[in-house]
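Below is one structure; the comments refer to it alone.
Derivation of every value follows stated rules applied to the coordinates shown; laboratory data play no part. All of these numbers come straight from a predicted model, not from anything done at the bench. Every residue, glycine among them, receives a Cβ derived from its backbone with ideal geometry; neighbour counts consider all protein chains shown.
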Amino acid sequence: MTTLLEVAGVSRNFSGLRAVADVSFRVPEGSIFAVIGPNGAGKTTLFNLIAGMLAPNSGSIAFQGGRIDGLTPDEVCRRGIGRTFQIVRPFPALSVEDNVMVGALLRHADPRQAMRRAHEVLRRLDLFDKRLQEAGSLTLPDRKRLEVARALATEPKLLLLDEVMAGLRPTEIDRIVDILKQLNREGLTILLIEHVMRAVMSIATRVLVLHHGAAIAEGPPADVVREPAVVQSYLGAEAL
Amino acid sequence: MMALLLHDVPRHALVLLGLFLAGLIAAPLLANDYLLTVLIVILYFAYTGIAWNVLMGFAGQLSLGHALYVGLGAYTTAALYVHFGIGPWIGMPVAILISVASGVVIGFLAFRFGVAGVYFAILTIAFAEFARIGFDHFSWVQGSSGLFLPVANRATNDLINLRGKPAMFYYVILALTVVAFVFCHMLLRSRVGYFWQAIREDEVAARSLGINTFRYKMIAIAISSGMTAPAGVFYAFYYNNLFPEQTFFILRSIEIILGPIIGGIGTLFGPVIGAFLITGLAELLEEFLRISGLDIPGVKRVFYGVCLLVVVMILPHGIWPPLARLLRLGKRKDKQDEPGA
Amino acid sequence: MPAEIYLNVAISGLLTGLVYGLMALGLSVIFGVVRVVNFAHGEMMTIAMYLAVALFAQFKLDPLLMMLPLAAVLFAVGYVMQLTLINPFIARPEHSQFMLLLAVAVIIVNGLLIVFGPDAQSVQTSYAFDSFAIGPAIVDATKLYAGAAAIAVAAALFAFFQFAPVGKAIRACADNYTGALVVGLNVHRLYALSFGLGAACVGAAGAIIVLIVDVTPPLGPAYTLLAFVIVITGGLGSMPGALLGGVLIGLTEAMAGLFFTPSAKSMFAFAILVLVLLFRPQGIMGKKLS
């Protein structure tokens, strides 16, 4: 199995605080790779490093064999990495379909083609019926789906999902899990940050656990959640 | 192309637009000289408003120094005409080039160095002021004494040199406005337009979708400044005199933004409606005062300020959006399936 | 040119710069605390200037004596403006706020034009032509008094923010809006107070500066721009920075007037603005922006 994304020895500090400390892992192509850990563990910082919003202080990040650390966010997206944000960032005054259009226009310069592609993506994410609504008026679950749809429209090979399940009801979570599995079967590699363990367990093929910025465990989900270090990080030493 | 531009515009909107345009075309035949002058001023502000709107309404960058581009366009063609006898239409490409060049310089300085929001606005004010003071000392264009074009013979129409009757000027500015309007309609529906709106709404999210925001902001300021230059050309040849103190003055820049703000930033029709409203009402006010025997200079400008205040407080998105909703002029919902189905 | 001329011009510029600094101090308070971009700042100053001129013309009242009353008047104006106009705007998008104050600025400039006319107006006090010899330099009495008054008002303001309980509350507000709410501070009133204080600075500066400068309505926008240049150069959110920036700009203007034509002196302020925005956007004394 080829490695799609390789993170090697990556560290990032903020005025003395080590947000990410010497983290290394590989995301195999075609996998669904979850990053978990308590709040403040450095997960979103890691995403921001991969997506180009921050540059690492040390270490390297490679995508499809080429270095991407130090690239700007738009360059990273053009290489084939899409991302969502933990606090969703829709384009409020634009309609749902126009939001997704913006993503689709990356690979399809002709607006008519881009609109076709946008509609395809909207149908997959169950948003087609709401395509003319203003994005600013959507409910939170719909906004989350819009965020995913928009990133998907850029036709990424790797999709970074930052806590996309947070705030969703169980049925909605199941629906998103189904969609993600389907996308994965069609060839999309997914790297996700999640707190909702039921989703992680049902979907992830590999899990990385971060704590205080460092990687403390990596492997198949069932193994990782049983590791003492992991239990301790979530529940404290008394839990052991 | 026409299909793409018009496919989701409701039929009755097209009818209204057609009637409106027909009315504008017929105006010189129906209106007296005074009304025609007012219409010329209205269309002038509609045009500059449309041009400014590209940078602010579409791309979200607030420029409070657009008088710079008007002034550069005006002075370039006026100087070429006065010193070398070069007609305005030949001088116009030069004027546009110079305007675009300055827009690009300002844009590069600002966008490359992350100058945004209020800082960008202040930067644009500073550059316009810089030009105002600079041109005051620029002897080749007579500096602060003012540049005067040779007295126009208003009896005959000379389109090449833009000398002639008010009706001629009216049709010139009407044509410019229509072209600008159609151009912006095309822009909004193109890739550039979508990317601009994304940048306006959320620049960080836009970058995460692969948009090179620097490049598109530069395109916006280049187009906006380039589109504004012809207004300066018109201004120079219509009024026949230019003073740096007036041409580049900050209140000029504020006049340019009044129409779009009152009409609705980011909409196509906002600047046009806004120009009609604000200039029309201001002229009514002045007429009323004249009739009452009160002649108070500066009242018109106070009126502008009050209108701006009221609109900003009560109708922050301008008058056009609620009006359009009322007249049901939004996109046709039934035609939406065409591209995707 | 003999060296004394440079010295005199420099001192003159420095003293004028102190008054500019006081004006900018007001903007620093307003922007630093209330986070409002006061596009009507210079225009408010011209209100004070015209009032000082009118009071002098009618009642022969020295502008320096009118400094405190005018500061009080402008305080009230600012307080009311914040409460009625601006507070509702805190949650609105940035450009709405600019437009609001821009509208106020336009109304003020043209209102003053209507009331006072376009001609320059000035104040000729009894000591208008006096000067002091301090060492090798010759200093205009008006400028010396102006500079001293500016320092006095600035010092009073610093003391207020440092020692008065209300002053500390305002600083708390500026540092942490939510925290201030949590500990029960009436943030909206404190905002109004801050805007009022910023306006009071402008009132005092306006009263002082009529000793040195003639007033016309277009001076308003020119001073607004100048205030922003100073605050950005000195450092947003830094009160000493505002004074420092003012002095720097005052000096630059004076020296530019000496070496080039006097009417071109503002161009140097703009050159400084552009350089600061590009290379050190946080200004001389501001905190580094993330």
>> Checking the table A:K157/A:K181; A:K130/B:K217; A:K144/A:K181; C:K143/C:K265; A:K43/A:K181 against a 24 Å threshold on Cα-Cα, which pairs fail?
In response: A:K130/B:K217
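Counting only other residues whose beta carbon sits under 13 Å from that of A:M101, what net charge do I get with K and R as +1, D and E as -1? Intermediate results must be reported in sequence, preceding the final value.
Values: positive: A:R107, A:R112, A:R116, A:R117, A:R131, A:R150, B:R189, B:R191; negative: A:E97, A:D98, A:D110, A:E120, B:E201.
Around A:M101, the surrounding residues sum to +3.
Below 8 Å between Cα atoms, with a sequence gap of 6+, how large is the relative contact order for the range A:92-155 in percent? Working shown, then result.
Details: 83 pairs, mean separation 32.8, N = 64.
Worked out over the range A:92-155, it gives 51 percent.
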>> Between A:R198 and C:V183, how high is the FRET efficiency from 1/(1 + (r/R0)^6) when r is the Cβ-Cβ distance and R₀ = 56 Å? Nearest 0.05.
In response: 0.90
> So what's the net charge close to C:Q82: Lys and Arg +1, Asp and Glu -1, counting the other residues with Cβ under 13 Å from its Cβ?
Replying inline: +2
> Going toward the positive end of the dipole of chain C, with +1 on Lys and Arg Cβ and -1 on Asp and Glu Cβ, which of C:G220, C:Y145, C:V115 do you reach last?
Replying inline: C:G220
> the range C:3-279: D in µm²/s via Stokes-Einstein (Kirkwood Rh, Cα pairs, 4 °C, 1.567 mPa s)?
Replying inline: 68 µm²/s
> In nanometres, what is the gap between the two model label sites at A:A62 and B:M186, each 7 Å from Cα along Cα-to-Cβ?
Replying inline: 4.7 nm
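If a/c stays under 1.5 just call it rounded; otherwise compare a/b with b/c (prolate if a/b is bigger, oblate if not). Do that for the protein assembly as shown, with a ≥ b ≥ c from the square roots of the Cα gyration tensor eigenvalues.
oblate
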>> Can you list residues from other chains, or at least 5 along the same chain, whose modelled amide H is less than 5 Å from the amide H of B:G264?
In response: B:I319, B:W320
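In whole angstrom, how long is each semi-axis of the equivalent ellipsoid of chain A, when you take the square root of 5 times every eigenvalue of its Cα gyration tensor and sort them from largest down? Write down the numbers at each step before the final one.
Numbers: eigenvalues 178, 84, 52 Å².
So the equivalent ellipsoid measures 30, 21, 16 Å along its semi-axes.
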> Within the range B:282-326, whose backbone N sits under 12 Å from a point 7 Å along Cα→Cβ of B:T37?
Replying inline: B:287
> Dipole of the protein assembly as shown, Cα-centred, from +1 at each Lys and Arg C-beta and -1 at each Asp and Glu C-beta, to the nearest 20 debye?
Replying inline: 1500 debye
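Express as a percent, rounded to the nearest 5, the fraction of DSSP beta bridges in the protein assembly as shown (both residues included) that run antiparallel. Write out the running numbers ahead of the final one.
On the way: 29 of 45 bridges.
Beta bridges within the protein assembly as shown, antiparallel portion: roughly 65 percent.
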> Given a Förster radius of 51 Å and the C-beta distance between C:L7 and C:D175 as r, what FRET efficiency does 1/(1 + (r/R0)^6) yield to the nearest 0.05?
Replying inline: 0.75
>> If I model a spin label at C:A54 and C:F260 as a point 7 Å from the Cα along the Cα→Cβ vector, what separation in nanometres do I get?
In response: 3.7 nm
>> If I take every Cα pair under 8 Å that is 6 or more residues apart in chain B, average their sequence separation and divide by the length, what percent do I get for the relative contact order?
In response: 31 percent
> Using a simple charge model, +1 on the beta-carbon of Lys and Arg, -1 on the beta-carbon of Asp and Glu, nothing else, what dipole does the range C:3-279 show about its Cα centre, in debye to the nearest 20?
Replying inline: 640 debye
> Can you work out ³J(HN,Hα) from phi for every residue in the range B:32-40, in order, using Karplus 6.51 cos²θ - 1.76 cosθ + 1.60 and θ = phi - 60°, giving whole Hz and x for Gly and Pro?
Replying inline: 7, 4, 4, 4, 4, 4, 4, 4, 4
>> I'd like to know which of B:V115, B:L174, B:P10 lies farthest towards the positive end of the charge dipole of chain B, counting +1 on Cβ of Lys and Arg and -1 on Cβ of Asp and Glu.
In response: B:P10
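Taking the highest mean first, how do the peptides C:247-258, B:16-27 order by number of other beta carbon atoms within 10 angstrom per residue?
On the way: C:247-258: 20.6, B:16-27: 12.5.
Going by the mean number of other Cβ atoms within 10 Å, highest first, we get C:247-258, B:16-27.
For chain B, give the magnitude of the charge dipole about the Cα centre (Cβ charges: +1 Lys/Arg, -1 Asp/Glu; no others), in debye to the nearest 20. Mind dumping the intermediate values first?
Values: 22 positive and 17 negative charges, 132 e Å.
The calculation lands at about 640 debye.
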> In the Gaussian network model of chain A, springs joining C-alpha atoms below 10 Å, which of A:T44, A:T154, A:T171 carries the largest mean-square fluctuation?
Replying inline: A:T171
> How many angstrom separate the Cα center of the range C:17-52 from the Cα center of the range A:39-112?
Replying inline: 42 Å
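Taking each residue in C:227-233, count the Cβ atoms of any other chain within 10 Å of its Cβ, then average. What number comes out?
Details: counts 0, 6, 3, 0, 1, 4, 0.
Partner-chain Cβ atoms within 10 Å, mean over residues of C:227-233: 2.
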>> Under 25 °C and 0.890 mPa s, how fast does the range B:26-142 diffuse according to Stokes-Einstein, given a Kirkwood radius computed over C-alpha pairs? Answer in µm²/s, whole number.
In response: 152 µm²/s
> Using a simple spin-label model with points 7 Å from Cα along the Cα→Cβ vector, what separation in nm is obtained for B:L327 and A:D129?
Replying inline: 3.4 nm
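Considering only the other residues whose Cβ falls under 14 Å of the Cβ of C:M99, what net charge follows from Lys and Arg at +1 and Asp and Glu at -1? Display every interim value, and only then the final one.
Values: positive: C:R92; negative: B:E255, C:E94.
Local charge sum for C:M99: -1.
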>> Compute a Gaussian network model of chain A, connecting alpha carbons closer than 10 Å, and tell me which residue from A:E134, A:E172, A:E186 fluctuates the most.
In response: A:E186
>> I want to verify a result. In a Gaussian network model of chain A, Cα cutoff 10 Å, which of these has the top mean-square fluctuation: A:L161, A:L183, A:L17?
In response: A:L17
>> For the range B:106-124 and the range C:99-119, what is the centre-to-centre distance using only Cα atoms, to the nearest Å?
In response: 27 Å
> Rounded if a/c is under 1.5, else prolate if a/b beats b/c, else oblate: with a ≥ b ≥ c from the C-alpha gyration tensor eigenvalues square-rooted, which is the range A:92-155?
Replying inline: prolate
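With N residues in the range B:34-250, what two-decimal value do you get for its Cα radius of gyration over 2.2 N^0.38 Å?
Details: Rg = 17.8 Å, N = 217, 2.2 N^0.38 = 17.0 Å.
It is 1.05.
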